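Asker: Let me give you the structure first, and then I'll get to my questions.
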Amino acid sequence: MFDGDDVRPAYEQLKRWVDSTPPDVLTQKKYEAEALFRRIGITFAVYGEGGDVERLIPFDIMPRVFTEAEWRKLERGVKQRARALNAFLYDVYHRGEIIRAGVIPADLVYRNDAYEPSVVGIDPPANVYSHIVGIDLVRTGPGDFFVLEDNCRTPSGVSYMLENREIMMRMFPDLFRSVRILPVDDYPTLLRRTLASVAPRKAQDTPVSVLLSPGSFNSAYYEHSFLADQMGIELVEGQDLFVQGDFVYMRTTEGPKRVDVIYRRIDDSFLDPLCFRPDSMLGVPGLMNVYRSGGVAIASAPGAGVADDKAVYIYVPEMVRFYLGEEPILKNVQTWKCSEPKDCKYVLENLKDLVVKEVHGSGGYGMLVGPRSTKEEIAAYAERIKAAPEEFIAQPTLSLSACPTFVDEGIAPRHVDLRPYCLVGKEVHLCPGGLTRVAMREGSLVVNSSQGGGVKDTWVLAD
């Protein structure tokens, strides 16, 4: 909010509003927001910790604010990165030119658990593999943004972006009347158009899209049902679909209905028991044969996960240069690969100062934040690294930006990150906002909801 002693321009109106609003009113609004989240059913699931599996995500009533000029720079950088990642995916499932050129080690791609040999040679519509790209960003200075990681498979959290805005508008209509904020409510429409734009050649004149979910026991099921409802498409599970001939059909009360595009929210290994895990009860037998023949599009494509591997992340700036012939707009965080003996030695000697992550990890699980860990935790983690160094990467502990956050003691700084959602079809769109995650615990750098983090609305002010 502040640049030294001065209020940053983006926060001037918000600061005036905070100063003129009694603290007890803000406290009441916080409780109202929690009640709305619970009434609507906006929860997420945490398994293995005991107690109530369904949790209410903490919601902060203080928004994060960007000027439109700041956002345009981010927009260019995110779109550039999404194009490069898709070019990389097409390349490694075809000729592998970036590997032939020696830019990326072959083993890192072809021996990667997320690389799917069954996808080799398939040409997805518009050559797009990752249709919804979530780029996790942190800010370290007025104009300095770094990419923490890329999410190219099924990035979650967009329902919170939409619901955060809806609840803020409902609770603070006067504030919204006084500030011009770019809207995010057209995201479901843009997503549906993006899915329709990548319908296969054999598609019907009006392509039919569905959202494929693992079911109600999935931690993100609320989001699956929310997005399907907002887009006006069917929410289906594997048992609702079947393959006949060269096409996929949906069971309906009026008989079979052909499906052209599947927005899948299940992992690759469960998509088709005839191609991947034979014990999967979540997928559709024969789906991959239809996909290969061009009878259906899958968003995002099987095998897209190789692009968001945390070891592959290191090479994304080189992808931008190699495929686009441009300099990267967004910077990577310096990263050490523990699979490299020299890097591993440095990491083990400096664990107390570093953040270490599992290469295939997600959700904030399995990571070590050195400055916030005990000597015993650091020693135990070092043994894990020594046992399987190729499974870990390390990064410096960044001085993350903090945003004003309404906590029990009042308004206080808490660390945040940002996940904007980039839609890639025949055109590339970035919604003017995103999911701002906030570490609700003082001093914490872990923003994941599964680790106690919360969310807040993200404003992009119109010029």
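Asker: So is residue 90 open to solvent by 50 Å² or more (accessible area, probe 1.4 Å) and at pLDDT 95 or above or not?
Answerer: Yes: the conditions hold for residue 90.
Asker: Okay, moving on. Within the stretch 211-236, restricting attention to residues that are hydrophobic (A, V, I, L, M, F, W, C) and either open to solvent by 50 Å² or more (accessible area, probe 1.4 Å) or touching a helix residue (DSSP H, G or I) at 6+ places or on another chain (Cβ under 6 Å) (or both), which residue is farthest from residue 192 (Cα to Cα)?
Answerer: The selected residue is 217.
Asker: Scan the stretch 264-284 residue by residue and report those that are out of contact with any Ser or Thr (no Cβ under 6 Å at 6 or more places or on another chain) and either under 22 Å from residue 195 (Cα atoms) or in a helix (DSSP H, G or I) (or both).
Answerer: The answer is 264, 266, 267, 268, 269, 271, 272, 282, 283, 284.
Asker: Still on this structure, please answer the following. Could we say that residue 145 is crowded, with 18+ Cβ neighbours inside 10 Å and on the phi < 0 side of the Ramachandran plot here?
Answerer: Judged against the criteria, residue 145 is a match.
Asker: Moving to a separate point now. Select, from 297, 379, the only residue that is surrounded by fewer than 16 Cβ atoms within 10 Å (Cβ to Cβ) and among the aliphatic types (A, V, I, L, M).
Answerer: 379
Asker: Now for a different question. Just the residues that are in a helix (DSSP H, G or I) and either open to solvent by 60 Å² or more (accessible area, probe 1.4 Å) or within 17 Å of residue 159 (Cα to Cα) (or both), please, taken from the stretch 237-248.
Answerer: Answer for the stretch 237-248, where residues must be in a helix (DSSP H, G or I) and either open to solvent by 60 Å² or more (accessible area, probe 1.4 Å) or within 17 Å of residue 159 (Cα to Cα) (or both): just 239.
Asker: Pairs only if they're at least six apart or on different chains, beta carbon under 7 angstrom, first in the stretch 158-184 and touching a residue at least 40 places away in the same chain (Cβ under 8 Å), second aromatic (Phe, Trp, Tyr) and open to solvent by 20 Å² or more (accessible area, probe 1.4 Å); list them, first residue then second.
Answerer: The qualifying pairs are 159/222; 159/226; 175/17.
Asker: Does residue 397 satisfy the criteria of being among the hydroxyl-bearing types (Ser, Thr, Tyr) and modelled with pLDDT of 85 or more?
Answerer: Against the criterion (among the hydroxyl-bearing types (Ser, Thr, Tyr) and modelled with pLDDT of 85 or more), residue 397 does not qualify.
Asker: On to the next question. Failed condition for residue 131, given (1) open to solvent by 50 Å² or more (accessible area, probe 1.4 Å); (2) modelled with pLDDT of 95 or more, with all others met?
Answerer: Every listed condition holds for residue 131 apart from (1).
Asker: Identify the residue in the stretch 126-143 that is closer than 26 Å to residue 268 by Cβ and β-branched (Val, Ile, Thr) and, among all such residues, is farthest from the chain's Cα centre (by Cα).
Answerer: Among those that are closer than 26 Å to residue 268 by Cβ and β-branched (Val, Ile, Thr), it is 128.
Asker: If you scan the stretch 299-329, which residues turn out to be farther than 15 Å from residue 79 by Cβ, in a loop (DSSP other than H, G, I, E, B) and under 20 Å from the mean Cα position of the chain (by Cα)?
Answerer: Once the filter is applied, which keeps residues that are farther than 15 Å from residue 79 by Cβ, in a loop (DSSP other than H, G, I, E, B) and under 20 Å from the mean Cα position of the chain (by Cα), the stretch 299-329 yields 300, 301, 302, 303, 309, 310, 311.
The values are calculated or read from the model by the stated rules, or taken from the named source; none is laboratory data. None of the values given here were measured: they were computed from a predicted structure. Don't worry about glycine lacking a Cβ; one is built from the backbone with ideal geometry, like all the others, and counts go over all protein chains shown. Accessible surface areas use protein heavy atoms only, side chains included; no ligands, DNA or RNA. Shrake-Rupley method; radii C 1.70, N 1.55, O 1.52, S 1.80 Å.
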